[in-house]
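The structure under discussion appears below in the form of structure tokens.
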Amino acid sequence: MCSSQDELDSHNQTRIHRNKVQGQSLILKCPLCNAFCRGQASWKAHIRSRKHTNVAIRQGLQPKAVVAEEAADVPQHTLCLTCSVHIHNKDWDRHLKTNKHLEKERFAAFRVVLDEAEKDKQGVSVDGEFDFGIISPGDTNDKVVRGAITVNNPTSRIALVDARLAADKGNSPIPSSFKLTMSAKNGQLLSSSSPMKFNVSLKQSYVGRCKDRLEFIFEDLQLRTRFFILRQLEAIIGNQADHEKLRPVAPYTPRPRATMRQPELVVVEGVRPPSMKAIPYVVPLPHAPIPS
């Protein structure tokens, strides 16, 4: 996420962004020549080559009309599932120690914990529609969503310990466009007959995207355990008509992947290894007692 238009323009000029847009990090496969090309520039050079042209003409195809496939199995390469990139086998150990790979591993682990925290648990559920949608800049002051905390077990003793926004945490809180208002105080017990209600309001005067996270901390007084329930807050400040024009007109069709190599079904029986008795001992070995 970029905090300003200048920061976005600067990011768009970086080498990493340009390579992503141009597909330089992809390994493409030619279905006719079984050749592998790294990036769009290498692919364009391949379809102009004499070998590709001759193969395409022999099959009655236009050389430039051949569609590249995203390679699923690249010789002497291993696919890193964390980074979604093929790494040469000689560079694999070094890749696992790079800061980018380690950072993505930590983010994947954090994502798993976050997904688990967003689930309702122990009979407590947080209900409400927390996606504000697309709002015009002048209408944000009147936008409020309402939610409720309910418990389905009348015999449980669960109390609300704290309710807050993620931006309010830490020694240096980040100003948030959202505001949480609770109808109950911290420490109040949940009741199955009376839901605990709360409101989330939005206030932002400039165009952009808003994101934050609701964090509810509960304590089960009977089990003496605490648990979290999280909800994501999202809003887009902008023009509804402009966003409608930018919507896709057709579903996304991914580039066809190369078919995986067929498994080996014909197994040739190998040579049986020699027996342990095949070693001719010249003299009998002496007795070797086990030390006490």
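Scanning the chain for GluC sites (Glu not before Pro) that sit in a DSSP loop and have at most 11 other Cβ atoms within 10 Å, the longest stretch containing none of them is 130-263.
Given +1 at the Cβ of Lys and Arg, -1 at the Cβ of Asp and Glu and no other charges, the dipole of the chain around its Cα centre is 1160 debye to the nearest 20. Can you give the angle from 0 to 90° between the axis of helix 99-117 and the longest principal axis of the chain, with both taken from C-alpha atoms, to the nearest 10? With rounding to tens, the tilt is 50 degrees. Between LYS51 and SER194, the simple spin-label model (points 7 angstrom out along Cα→Cβ) gives 7.9 nm. Over the chain, the Kirkwood radius and the radius of gyration, each from Cα atoms, give a ratio Rg/Rh of 1.17.
Taking trypsin sites (Lys or Arg not before Pro) as exposed when DSSP calls them loop and at most 11 other C-beta atoms lie within 10 angstrom, the chain has its longest site-free stretch at 120-184.
The lysines within cross-link reach of LYS90, meaning a Cα-to-Cα straight distance under 30 Å and a gap of 8 or more places when in the same chain, are LYS20, LYS29, LYS44, LYS51, LYS100, LYS104. Checking the table LYS64/LYS245; LYS97/LYS211; LYS121/LYS211; LYS143/LYS197; LYS143/LYS185 against a 27 Å threshold on Cα-Cα, which pairs fail? In this structure, LYS64/LYS245; LYS97/LYS211 lie more than 27 Å apart at Cα.
So if we plug the beta-carbon distance of ALA250 and SER183 into 1/(1 + (r/R0)^6) with R0 = 41 Å, what FRET efficiency do we get, rounded to 0.05?
Approximately 0.35, to the nearest 0.05.
Mind checking the full-extension length gain between GLN13 and ASP120? Use 0.36 nm per residue of separation minus the Cα-Cα distance, one decimal, nm.
Separation in residues times 0.36 nm, less the Cα-Cα distance, equals 34.2 nm.
Taking the three principal axes of the alpha carbon atoms in the stretch 129-212, the coordinate ranges are 48, 30, 15 Å, sorted in descending order.
State which stretch of the chain is the longest one without any exposed chymotrypsin sites (Phe, Trp or Tyr not before Pro), exposure meaning a DSSP loop state and at most 12 other Cβ atoms within 10 Å. Can you show the working numbers first?
Numbers: sites that count: TYR206, TYR252, TYR281.
Result for the longest clean stretch: 1-205.
In the elastic network of the chain, a GNM with C-alpha springs shorter than 10 Å, the most mobile of ASP242, ASP73, ASP162 is ASP242.
Rule-based calculations on the coordinates, nothing more; no lab input. Computed from a predicted model, the values in this text were never measured in an experiment. Counting neighbours? That spans all protein chains shown, and the Cβs are built from the backbone with ideal geometry, glycine included.
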